Amino acid sequence: MGAIVAGNALGLWRVPIFWTPYFVALFYLGLTISVTPIYLVTWRVARRFGWRGLAVCLVVVAIIGPPRDYLYAARYPAWMVFAPGIAPILADAAAYIGIVAIGHAVMRLIAGPSREDRLRNES
């Protein structure tokens with residue numbers, strides 16, 4: 001939600017936000033459902049490959065995220081409109097990196113380092 005608000009304020013994109021309890025609850029439910037698989041994958045990658053694997057995941061989401069959002073914006077312009085130029089693309093990529101990095105950091109804070117997972121295969 002913070003990335004959307006910041007992008008709106010900076011004029012990088014326009015995303016209509018309705019501050020009703022229904023909209024906010026639905027937004028966070030949709031976000032939770034869509035990012036949970038990403039966090040589980042990054043957890044497994046970090047467990048197997050360490051910080052280098054996590055860095056690769058962050059690069060991948062930075063590359064895949066903006067074209068995905070631009071496709072959605074082209075298909076559903078009432079949902080999102082990007083400003084012209086490279087700045088919105090870079091900001092969108094940074095938002096994806098932030099979402100994945102913060103989510104992974106929260107998982108690590110709650111569960112501890114992924115390499116210390118008791119289900120980790122030691123072979």
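Determine which single condition Tyr22 fails, assuming it passes every other condition in (1) touching a Phe, Trp or Tyr at 6+ places or on another chain (Cβ under 9 Å); (2) among the aromatic types (Phe, Trp, Tyr); (3) assigned to a helix (DSSP H, G or I).
(1)
Of everything in region 39-80, what is of a type in the set (Phe, Trp, Tyr), outside any loop (DSSP other than H, G, I, E, B) and farther than 19 Å from Ile102 by Cβ? Give them in sequence order.
Across region 39-80, the qualifying residues are Phe49, Tyr70, Tyr72.
For region 61-77, give me each residue that is surrounded by 16 or more Cβ atoms within 10 Å (Cβ to Cβ) and among the aliphatic types (A, V, I, L, M).
Once the filter is applied, which keeps residues that are surrounded by 16 or more Cβ atoms within 10 Å (Cβ to Cβ) and among the aliphatic types (A, V, I, L, M), region 61-77 yields Val61, Ala62, Ala73.
Inside region 7-19, can you point out the residues that are part of a helix (DSSP H, G or I), in contact (Cβ under 8 Å) with a residue 40 or more places away in the chain and surrounded by fewer than 14 Cβ atoms within 10 Å (Cβ to Cβ)?
Taking region 7-19 first, the residues part of a helix (DSSP H, G or I) are 7-10.
Then keep just the ones that are in contact (Cβ under 8 Å) with a residue 40 or more places away in the chain; that gives 7, 10.
Matches in region 7-19: Leu10 only.
Please verify whether region 35-55 includes one or more residues that are of a type in the set (A, V, I, L, M), closer than 26 Å to Leu12 by Cα, within 13 Å of the chain's Cα centre (by Cα) and surrounded by fewer than 12 Cβ atoms within 10 Å (Cβ to Cβ). Talk me through it step by step, then tell me what you get.
In the first step, residues of region 35-55 are kept if they are of a type in the set (A, V, I, L, M); the result is 35, 38, 40-41, 45-46, 54-55.
Next cut, closer than 26 Å to Leu12 by Cα only: 35, 38, 55.
Narrowing the set further to residues that are within 13 Å of the chain's Cα centre (by Cα) leaves 35, 38.
Then keep just the ones that are surrounded by fewer than 12 Cβ atoms within 10 Å (Cβ to Cβ); that gives none.
There is no residue in region 35-55 that is of a type in the set (A, V, I, L, M), closer than 26 Å to Leu12 by Cα, within 13 Å of the chain's Cα centre (by Cα) and surrounded by fewer than 12 Cβ atoms within 10 Å (Cβ to Cβ).
Among (1) more than 12 Å from the chain's Cα centre (by Cα); (2) closer than 21 Å to Gly2 by Cα, which single condition is Leu71 missing?
Single failed check for Leu71: (2).
In this structure, is Pro88 in contact (Cβ under 8 Å) with a residue 60 or more places away in the chain and touching a helix residue (DSSP H, G or I) at 6+ places or on another chain (Cβ under 9 Å)? Steps first, answer last, please.
Numbers: in contact (Cβ under 8 Å) with a residue 60 or more places away in the chain: yes; touching a helix residue (DSSP H, G or I) at 6+ places or on another chain (Cβ under 9 Å): yes.
Spelling it out, Pro88 is indeed in contact (Cβ under 8 Å) with a residue 60 or more places away in the chain and touching a helix residue (DSSP H, G or I) at 6+ places or on another chain (Cβ under 9 Å).
Of the numbered conditions (1) without any contact (Cβ under 8 Å) to a residue 24 or more places away in the chain; (2) under 26 Å from Val5 (Cβ atoms); (3) β-branched (Val, Ile, Thr), Val41 fails exactly one; give the number of that condition.
Val41 satisfies all of (1) without any contact (Cβ under 8 Å) to a residue 24 or more places away in the chain; (2) under 26 Å from Val5 (Cβ atoms); (3) β-branched (Val, Ile, Thr) except (2).
Readers should treat all values here as calculations from the given coordinates under stated rules, not as data from a laboratory. None of the values given here were measured: they were computed from a predicted structure. Glycine gets a Cβ as well: all are built from the backbone with ideal geometry, and neighbour counts include every protein chain shown.
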